[in-house]
1. How high is the relative contact order of segment 121-243, given as a whole-number percent (alpha carbon pairs under 8 Å, six or more residues apart)?
2. From the Cα gyration tensor of segment 71-192, with a ≥ b ≥ c the square roots of its eigenvalues, which class applies: rounded if a/c is under 1.5, or else prolate if a/b is larger than b/c, or else oblate?
3. I'd like the carbon and sulfur percentage of the solvent accessible area for segment 2-242, probe radius 1.4 Å, heavy atoms only, ligands and nucleic acids excluded.
4. Could you point to the residue in Pro102, Leu80, Ala113 farthest towards the positive end of segment 60-131's charge dipole, with +1 and -1 charges on the Cβ of Lys/Arg and Asp/Glu respectively?
5. Charges at C-beta only: +1 for Lys and Arg, -1 for Asp and Glu. How large is the resulting dipole of segment 2-242 about its Cα centre, in Debye rounded to 20?
6. Using Cα pairs under 8 angstrom and six or more residues apart, how large is the relative contact order of the chain, in percent?
7. Anyone know which of Thr189, Thr77, Thr14 comes out most mobile in the 10 Å Cα GNM of the chain?
8. What ³J(HN,Hα) values, in whole Hz, does the Karplus curve 6.51 cos²θ - 1.76 cosθ + 1.60 give for segment 90-96 when θ = phi - 60°, with x put for Gly and Pro?
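The values are calculated or read from the model by the stated rules, or taken from the named source; none is laboratory data. Everything quoted here is computed from the prediction, not taken from an experiment. Cβ atoms come from the backbone with ideal geometry, glycine included; neighbour counts cover every protein chain shown. Note: accessible area is taken over every heavy atom of the protein model, side chains too, but ligands, DNA and RNA are not part of it. Shrake-Rupley method; radii C 1.70, N 1.55, O 1.52, S 1.80 Å.
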Amino acid sequence: MKAVALIPARLAATRLPDKPLALIAGKPMIQHVWERARSASKIDEVFIATPDQAIADAVRAFGGSVLMTRADHQTGTDRLAEAAQQLAPDVKVIVNVQGDEPLIDPEIIDAAAEPLLADDGLTMSSLCCPLPTGREDDPNVVKVVLTQAGYALYFSRSPLPYRRNADAPGYQPLQHIGLYAYRRDFLETFPTLPRTPLEQIESLEQLRALEHGYRIKMVFTDRVPESVDTPDDLERVRALFAN
């Protein structure tokens, strides 16, 4: 069963325009992500999915492969679904690797892909880690609760679970890490599913899958990727590469 990593990338970003082409240690950010995805042992090929010719030119210049997409997609998942239609028929598992994580550990890409490679009955998987202390009320940190079998019950920007009784059993709150693996046919189906109320209330796209009855297998990791969302993030990551 063949697995590929797709990296959605576009120039239009509110907080950091032209982000994929920002230079870090002499290379565009998207190249660092591509190199790390190629190092994942479970991944057979890596493609950048983009609507922008400037990104496509930069990727081809360093030897990467590009899948061109439309410019009007509302989400990265929509862009991936279009790109997936251009892949060879033997590709069955697709990992969505964010293009703004130049320090992503290849092992967590493998961790996301492995459940689908091991069980062809799964449609989708993602990652979680212990929630850092003090981030319970931070709406920018997405929380998740799981079933006893390790599937996502719910995702929220609010504290999850809410501790109503101080003497209730201990529970380690979990942070969701937004790296997903999809069965190819489900990825192509997902954008056709109607948007759901909880998805829109929380502004969390993965809730659409849960509300339509699909299961998301969650994998624990202690390796949280650092994303570059702002100019300050970019300078911090540049400093990490310089050390």
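1. Values: 173 pairs, mean separation 43.2, N = 123.
Relative contact order, segment 121-243: 35 percent.
2. Details: a/c = 2.16, a/b = 1.82, b/c = 1.19.
Prolate is the answer for segment 71-192, as a/c is 1.5 or above and a/b outweighs b/c.
3. Working: 5590 of 11460 Å².
Looking at segment 2-242 in its full context, I get 49 percent from C and S.
4. Projecting each Cα onto the dipole axis, the largest value belongs to Leu80.
5. Details: 26 positive and 34 negative charges, 25 e Å.
Roughly 120 debye for segment 2-242.
6. On the way: 472 pairs, mean separation 55.3, N = 243.
Result for the chain is 23 percent.
7. Thr14
8. Per residue, the Karplus-derived 3J(HN,Hα) values read 7, 7, 10, 10, 10, 9, 8 Hz.
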